[in-house]
Amino acid sequence: MRRAGSGETVYVHGSFLEIRVPEMLAYTWRWENAFPQMPQTRVTVEFAAEGAGTLMTLKHEDLPEIPVCLQHRSGWLTAFDRIDKIL
């Protein structure tokens, strides 16, 4: 990803904690070049059949404070909008 304004590249890395094909992924989330004081967090994504499609539920846990939660919410919503346009 690139930071707005500066264009600096930031990365996220982590490890899979649990995989249940085809219903769930859980993994750690750790920033590089952004949010330097933020601890490692956890992301869980669940998939469920819904009609002719798939319902995806995302939970991002252990975010340290409300402003950081809101920034991540905005980022996830932007990503979902991009996915929706592609699919």
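Restricting the search to region 5-64, which residues are over 18 Å from Phe80 (Cα atoms), of a type in the set (A, V, I, L, M) and in a strand (DSSP E or B)?
Leu17, Ile19
Is one or more of the residues making up region 37-50 in contact (Cβ under 8 Å) with a residue 24 or more places away in the chain, open to solvent by 80 Å² or more (accessible area, probe 1.4 Å) and touching a strand residue (DSSP E or B) at 6+ places or on another chain (Cβ under 8 Å)?
Yes, there is a match, as at least one residue in region 37-50 is in contact (Cβ under 8 Å) with a residue 24 or more places away in the chain, open to solvent by 80 Å² or more (accessible area, probe 1.4 Å) and touching a strand residue (DSSP E or B) at 6+ places or on another chain (Cβ under 8 Å).
The values are calculated or read from the model by the stated rules, or taken from the named source; none is laboratory data. Keep in mind it's a predicted model, so treat the numbers as computed, not measured. Virtual Cβ from ideal backbone geometry, glycine too; neighbours counted across all protein chains shown. For the accessible areas, the whole protein counts, side chains as well, though only heavy atoms, and no ligand, DNA or RNA atoms are used. Shrake-Rupley method; radii C 1.70, N 1.55, O 1.52, S 1.80 Å.
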